[in-house]
Amino acid sequence: VRLVESGGGLVQAGGSLRLSCTISGSMFSIHALGWYRQAPGQQRELVAGLTPVNGIIKYGDFVKGRFTISRDDARNTTYLQMNNLLPADTAVYLCNAAVRLSDSDSLRVRWGQGTQVTVSS
């Protein structure tokens with residue numbers, strides 16, 4: 001199972017970016033999808049999480065309605081639309097997925113390599 005992020009870049013404060021995370025490879029099921037971020041010297045923190053089976057979505061407290069997580073099942077891609085970006089949003093953004101590779105498999109967490117988001121003031 002491989003996760004590949006794209007869509008990061010440099011943007012001015014107040015601008016928008018849309019991150020994409022495409023999952024490839026053979027798997028039995030996907031139980032959770034998420035976007036995390038990690039700034040230099042900071043702990044990794046949850047940005048947004050989605051549980052496909054029930055559609056439950058949660059966001060980090062700092063999101064405050066600015067970001068939206070969504071999923072395109074046909075493309076096996078998870079998106080993170082980020083609006084009204086702030087310099088404090090500067091970080092490496094990583095997607096992850098909790099998957100089972102077979103019916104009898106335990107839950108496994110896979111991570112992408114990350115994409116840099118830089119917001120200038």
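Taking 19 Å as the cut-off, the amide N atoms of region 1-34 that come nearer than this to a point 7 Å along the Cα-to-beta-carbon line of Lys64 belong to 12-17. Multiplying the residue separation of Ala39 and Ser106 by 0.36 nm and subtracting their alpha-carbon distance yields 21.1 nm. Listed values for region 102-116 are Karplus-derived 3J(HN,Hα) couplings in whole Hz (6.51 cos²θ - 1.76 cosθ + 1.60, θ = phi - 60°), namely 8, 4, 9, 6, 7, 6, 10, 10, 10, 10, x, 7, x, 9, 7, and x replaces Gly and Pro. Within the shell of other residues whose beta carbon sits under 10 angstrom from the beta carbon of Ala91, the net charge comes to 0, with Lys and Arg scored +1 and Asp and Glu -1. Residue separation of Thr51 and Ser6 scaled by 0.36 nm, minus their Cα-Cα distance, works out to 14.1 nm of gained length. These residues, Val109, Val11, Val117, go from largest to smallest accessible area, 1.4 Å probe, as Val109, Val11, Val117.
With the simple model of a label 7 Å out from the Cα in the direction of the Cβ, Asn83 to His31 spans 3.4 nm.
The values are calculated or read from the model by the stated rules, or taken from the named source; none is laboratory data. What you are looking at is a predicted structure, and each value in this text was computed from that prediction instead of being measured. Note: ideal-geometry Cβ built from the backbone for every residue, glycine included; neighbour counts use all protein chains shown. Accessible surface areas use protein heavy atoms only, side chains included; no ligands, DNA or RNA. Shrake-Rupley method; radii C 1.70, N 1.55, O 1.52, S 1.80 Å.
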